[in-house]
Amino acid sequence: MKFFVDTANLDDIREVNDLGILDGVTTNPSLMAKEGIKGHDNILKHYQTICEIVKGDVSAEVISTDLDGMLNDAELLADIAPNIVVKIPMIKEGLKAIKILTSREIKTNCTLVFSAGQAILAAKAGATYISPFLGRLDDISRDGIQLVEQLVQIFNMHAYKTEILAASIRSPMHIIQCAEIGADVVTCPPDSILKLLNHPLTDIGLKNFLADYNKSQA
Ligand code: G3P
(Lines give C-alpha, C1' and ligand atoms only; values in the text may rest on other atoms or scores of the structure.)
Protein backbone atom coordinates (compact mmCIF):
# COMPACT_ATOMS: atom_id res chain seq x y z
CA MET A 1 0.00 0.00 0.00
CA LYS A 2 1.35 3.42 -0.95
CA PHE A 3 1.45 6.24 1.60
CA PHE A 4 0.55 9.75 0.49
CA VAL A 5 0.39 12.72 2.84
CA ASP A 6 -2.74 14.87 2.63
CA THR A 7 -1.49 18.40 3.24
CA ALA A 8 -0.05 21.50 1.56
CA ASN A 9 2.15 22.32 4.57
CA LEU A 10 5.77 22.19 3.39
CA ASP A 11 7.27 21.45 6.84
CA ASP A 12 4.87 18.55 7.34
CA ILE A 13 5.59 17.20 3.84
CA ARG A 14 9.36 17.39 4.51
CA GLU A 15 8.97 15.71 7.93
CA VAL A 16 7.08 12.71 6.51
CA ASN A 17 9.27 12.59 3.39
CA ASP A 18 12.37 12.39 5.61
CA LEU A 19 11.00 9.15 7.11
CA GLY A 20 11.69 7.55 3.73
CA ILE A 21 8.23 5.99 3.39
CA LEU A 22 6.39 8.70 1.47
CA ASP A 23 5.05 7.86 -1.99
CA GLY A 24 3.18 11.06 -2.83
CA VAL A 25 1.10 14.06 -1.76
CA THR A 26 -2.51 15.08 -2.18
CA THR A 27 -3.81 18.60 -1.78
CA ASN A 28 -7.10 20.35 -2.34
CA PRO A 29 -8.18 24.02 -2.44
CA SER A 30 -9.10 23.94 1.27
CA LEU A 31 -5.66 22.62 2.25
CA MET A 32 -3.97 25.30 0.09
CA ALA A 33 -6.11 28.02 1.71
CA LYS A 34 -5.19 26.66 5.16
CA GLU A 35 -1.54 27.43 4.35
CA GLY A 36 -2.48 30.97 3.31
CA ILE A 37 -1.44 30.45 -0.33
CA LYS A 38 -3.23 33.20 -2.24
CA GLY A 39 -3.35 34.06 -5.94
CA HIS A 40 -3.16 31.83 -8.99
CA ASP A 41 0.61 32.19 -9.59
CA ASN A 42 1.48 31.56 -5.93
CA ILE A 43 -0.67 28.44 -5.95
CA LEU A 44 1.15 27.08 -9.02
CA LYS A 45 4.52 27.96 -7.42
CA HIS A 46 3.52 26.15 -4.23
CA TYR A 47 2.68 23.00 -6.22
CA GLN A 48 6.06 23.29 -7.91
CA THR A 49 7.83 23.42 -4.54
CA ILE A 50 5.94 20.32 -3.35
CA CYS A 51 6.94 18.51 -6.56
CA GLU A 52 10.59 19.41 -5.89
CA ILE A 53 10.40 17.93 -2.36
CA VAL A 54 8.58 14.70 -3.22
CA LYS A 55 9.46 12.40 -6.13
CA GLY A 56 6.09 10.59 -6.19
CA ASP A 57 2.71 11.71 -7.49
CA VAL A 58 1.41 15.09 -6.31
CA SER A 59 -2.33 15.70 -6.74
CA ALA A 60 -3.30 19.29 -7.63
CA GLU A 61 -6.97 20.18 -8.03
CA VAL A 62 -8.73 22.04 -10.86
CA ILE A 63 -10.98 24.89 -9.79
CA SER A 64 -13.22 25.09 -12.87
CA THR A 65 -16.39 23.04 -13.12
CA ASP A 66 -17.05 23.29 -16.88
CA LEU A 67 -15.27 20.98 -19.32
CA ASP A 68 -13.15 23.59 -21.14
CA GLY A 69 -12.19 25.25 -17.89
CA MET A 70 -11.16 21.95 -16.31
CA LEU A 71 -9.09 21.01 -19.35
CA ASN A 72 -7.33 24.40 -19.29
CA ASP A 73 -6.67 24.13 -15.55
CA ALA A 74 -5.40 20.59 -16.07
CA GLU A 75 -2.94 21.57 -18.81
CA LEU A 76 -1.55 24.38 -16.64
CA LEU A 77 -1.16 22.07 -13.65
CA ALA A 78 0.34 19.21 -15.69
CA ASP A 79 2.98 21.61 -17.06
CA ILE A 80 4.32 22.28 -13.54
CA ALA A 81 6.13 18.95 -13.19
CA PRO A 82 5.99 15.39 -14.53
CA ASN A 83 4.75 14.07 -11.16
CA ILE A 84 1.61 16.23 -11.09
CA VAL A 85 -1.68 14.32 -11.02
CA VAL A 86 -4.71 16.45 -11.88
CA LYS A 87 -7.51 16.17 -9.37
CA ILE A 88 -10.95 16.31 -11.01
CA PRO A 89 -14.27 16.36 -9.14
CA MET A 90 -16.76 13.53 -9.66
CA ILE A 91 -19.30 15.44 -11.75
CA LYS A 92 -20.59 14.84 -15.28
CA GLU A 93 -18.17 17.32 -16.87
CA GLY A 94 -15.41 15.93 -14.70
CA LEU A 95 -15.97 12.46 -16.09
CA LYS A 96 -15.63 13.82 -19.63
CA ALA A 97 -12.47 15.68 -18.62
CA ILE A 98 -10.94 12.49 -17.16
CA LYS A 99 -11.57 10.61 -20.42
CA ILE A 100 -9.92 13.38 -22.49
CA LEU A 101 -6.96 13.87 -20.12
CA THR A 102 -6.36 10.11 -20.06
CA SER A 103 -6.16 10.12 -23.88
CA ARG A 104 -3.60 12.94 -23.53
CA GLU A 105 -1.63 10.80 -21.06
CA ILE A 106 -2.22 13.25 -18.21
CA LYS A 107 -2.67 11.45 -14.88
CA THR A 108 -5.93 12.11 -13.01
CA ASN A 109 -7.31 11.63 -9.53
CA CYS A 110 -11.12 11.62 -9.41
CA THR A 111 -12.01 13.29 -6.13
CA LEU A 112 -15.14 13.54 -3.96
CA VAL A 113 -16.12 9.91 -4.58
CA PHE A 114 -18.76 8.63 -2.15
CA SER A 115 -20.31 5.61 -3.91
CA ALA A 116 -19.40 2.49 -5.89
CA GLY A 117 -21.32 3.85 -8.89
CA GLN A 118 -19.21 6.99 -9.00
CA ALA A 119 -16.00 4.96 -8.65
CA ILE A 120 -16.96 2.60 -11.50
CA LEU A 121 -17.67 5.54 -13.83
CA ALA A 122 -14.31 7.16 -13.04
CA ALA A 123 -12.49 3.85 -13.59
CA LYS A 124 -14.29 3.40 -16.94
CA ALA A 125 -13.16 6.90 -17.95
CA GLY A 126 -9.57 5.84 -17.22
CA ALA A 127 -8.79 7.77 -14.02
CA THR A 128 -5.34 6.98 -12.60
CA TYR A 129 -6.76 7.18 -9.07
CA ILE A 130 -10.20 7.47 -7.49
CA SER A 131 -10.49 9.06 -4.05
CA PRO A 132 -13.29 7.73 -1.84
CA PHE A 133 -13.65 10.06 1.19
CA LEU A 134 -13.88 7.69 4.17
CA GLY A 135 -14.01 10.18 7.01
CA ARG A 136 -16.75 12.27 5.45
CA LEU A 137 -18.90 9.14 5.04
CA ASP A 138 -18.25 8.25 8.68
CA ASP A 139 -19.31 11.82 9.54
CA ILE A 140 -22.81 11.11 8.20
CA SER A 141 -23.04 7.70 9.90
CA ARG A 142 -22.12 5.71 6.76
CA ASP A 143 -19.25 3.23 6.80
CA GLY A 144 -16.35 4.65 4.79
CA ILE A 145 -14.21 1.53 5.16
CA GLN A 146 -17.07 -0.61 3.86
CA LEU A 147 -17.10 1.47 0.66
CA VAL A 148 -13.36 0.94 0.15
CA GLU A 149 -13.83 -2.80 0.73
CA GLN A 150 -16.60 -2.87 -1.90
CA LEU A 151 -14.41 -0.95 -4.37
CA VAL A 152 -11.45 -3.32 -3.85
CA GLN A 153 -13.74 -6.27 -4.65
CA ILE A 154 -15.23 -4.65 -7.77
CA PHE A 155 -11.91 -3.33 -9.12
CA ASN A 156 -10.20 -6.71 -8.63
CA MET A 157 -13.09 -8.58 -10.27
CA HIS A 158 -12.98 -6.36 -13.36
CA ALA A 159 -9.20 -5.83 -13.34
CA TYR A 160 -9.59 -2.05 -13.46
CA LYS A 161 -6.21 -0.35 -13.65
CA THR A 162 -7.44 2.65 -11.62
CA GLU A 163 -5.91 2.74 -8.14
CA ILE A 164 -8.11 3.11 -5.06
CA LEU A 165 -6.75 6.06 -3.06
CA ALA A 166 -8.47 6.11 0.31
CA ALA A 167 -8.87 9.76 1.34
CA SER A 168 -10.35 11.75 4.21
CA ILE A 169 -8.42 9.52 6.60
CA ARG A 170 -8.93 10.61 10.20
CA SER A 171 -6.91 8.18 12.33
CA PRO A 172 -4.16 5.54 12.42
CA MET A 173 -6.93 2.88 12.63
CA HIS A 174 -8.27 4.02 9.25
CA ILE A 175 -4.79 3.44 7.78
CA ILE A 176 -4.53 -0.07 9.23
CA GLN A 177 -8.06 -0.95 8.08
CA CYS A 178 -7.23 0.26 4.56
CA ALA A 179 -4.12 -1.96 4.56
CA GLU A 180 -6.20 -4.95 5.72
CA ILE A 181 -8.78 -4.60 2.95
CA GLY A 182 -6.33 -3.90 0.14
CA ALA A 183 -6.59 -0.19 -0.72
CA ASP A 184 -3.83 0.71 -3.19
CA VAL A 185 -3.04 4.05 -1.55
CA VAL A 186 -3.92 5.93 1.64
CA THR A 187 -3.59 9.69 1.83
CA CYS A 188 -3.31 10.76 5.43
CA PRO A 189 -2.93 13.82 7.61
CA PRO A 190 0.74 13.87 8.74
CA ASP A 191 -0.10 13.20 12.41
CA SER A 192 -2.01 10.00 11.53
CA ILE A 193 1.13 8.65 9.85
CA LEU A 194 3.41 9.74 12.73
CA LYS A 195 1.07 8.18 15.31
CA LEU A 196 1.65 4.76 13.69
CA LEU A 197 5.16 4.93 15.15
CA ASN A 198 4.00 5.00 18.75
CA HIS A 199 3.71 2.13 21.21
CA PRO A 200 4.19 2.46 24.98
CA LEU A 201 5.92 -0.94 25.15
CA THR A 202 8.50 0.29 22.61
CA ASP A 203 9.21 3.32 24.83
CA ILE A 204 9.46 1.25 28.03
CA GLY A 205 11.55 -1.44 26.29
CA LEU A 206 14.01 1.08 24.89
CA LYS A 207 14.28 2.89 28.22
CA ASN A 208 15.11 -0.41 29.97
CA PHE A 209 17.63 -1.49 27.30
CA LEU A 210 19.48 1.82 27.63
CA ALA A 211 19.36 1.71 31.45
CA ASP A 212 20.85 -1.83 31.42
CA TYR A 213 23.54 -0.77 28.97
CA ASN A 214 24.45 2.19 31.15
CA LYS A 215 24.63 -0.10 34.25
CA SER A 216 27.05 -2.36 32.38
CA GLN A 217 29.29 0.66 31.74
CA ALA A 218 29.42 1.74 35.40
O1 G3P B 1 -7.92 14.17 0.19
C2 G3P B 1 -9.22 14.54 0.58
C3 G3P B 1 -9.21 14.95 1.99
O4 G3P B 1 -8.37 16.04 2.12
C5 G3P B 1 -10.49 15.27 2.64
O6 G3P B 1 -10.25 15.14 3.99
O7 G3P B 1 -10.58 15.50 6.38
O8 G3P B 1 -11.32 17.25 4.73
O9 G3P B 1 -12.55 15.09 4.91
P10 G3P B 1 -11.24 15.79 5.07
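The values are calculated or read from the model by the stated rules, or taken from the named source; none is laboratory data. Because the structure is predicted, anything quoted here is derived from the model rather than measured. Virtual Cβ from ideal backbone geometry, glycine too; neighbours counted across all protein chains shown. Keep in mind that these areas ignore ligands, DNA and RNA; they rest on the heavy atoms of the full protein, side chains included. Shrake-Rupley method; radii C 1.70, N 1.55, O 1.52, S 1.80 Å.
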Report summary line: Using a 1.4 Å probe on heavy atoms of the protein chains only, the accessible area for S59 in Å², nearest 10, reads 0 Å²
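Checking understanding here: applying a Kyte-Doolittle mean of at least -0.5 and a length along the axis of at least 15 Å (C-alpha), which whole DSSP H helices in the chain pass?
Helices meeting the criterion: 40-53, 67-78, 92-103, 144-157, 200-216.
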Query raised in the report: K124 versus D66, label points 7 Å from Cα toward the beta carbon: distance in nm?
Result: 2.6 nm
Report summary line: Computed about the Cα centre, the charge dipole of the chain from +1 Lys/Arg and -1 Asp/Glu charges at the Cβ has a magnitude in debye, to the nearest 20, of 280 debye
Query raised in the report: Accessible area per residue of the chain at 1.4 Å probe, in Å²?
Result: 53 Å²
**Report entry** Which of D139, D18, D66 is most accessible, then next, and so on - probe 1.4 Å
**Finding:** D18, D139, D66
**Report entry** the range 59-105 - convex hull of the alpha-carbon atoms, volume per residue in Å³
**Finding:** 60 Å³
Query - Measure of compaction for the range 15-70 (Cα Rg per 2.2 N^0.38 Å) - result: 1.24
Report summary line: Yeah, the range 153-197 with a ≥ b ≥ c from its alpha-carbon gyration tensor (a/c under 1.5 is rounded, else prolate when a/b outruns b/c, oblate otherwise) is prolate
Report summary line: Note on the range 25-143: alpha-carbon gyration tensor, axes a ≥ b ≥ c; rule is a/c under 1.5 for rounded, else prolate if a/b larger than b/c, else oblate; result oblate
Query raised in the report: Excluding S59 itself, what net charge comes from residues whose Cβ is under 10 Å from its Cβ, given Lys and Arg +1 and Asp and Glu -1?
Result: -1
Query raised in the report: What percentage of the solvent-accessible surface of the range 21-67, computed with a 1.4 Å probe over protein heavy atoms, is contributed by carbon and sulfur atoms?
Result: 51 percent
Query raised in the report: For the chain, what is the Kirkwood hydrodynamic radius in Å, using each pair of distinct C-alpha atoms?
Result: 18.2 Å
Query - Accessible-area composition of the range 122-208, carbon plus sulfur, in percent [1.4 Å probe] - result: 53 percent
**Report entry** the chain: calculated mean residue ellipticity at 222 nm from DSSP helix runs of at least 4, using -39500 (n - 2.57)
**Finding:** -15500 deg cm²/dmol
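Counting only protein chains, not ligands or nucleic acids, how are F3, F209 ordered by accessible area (probe 1.4 Å), most first?
Correct descending sequence by accessible area is F209, F3.
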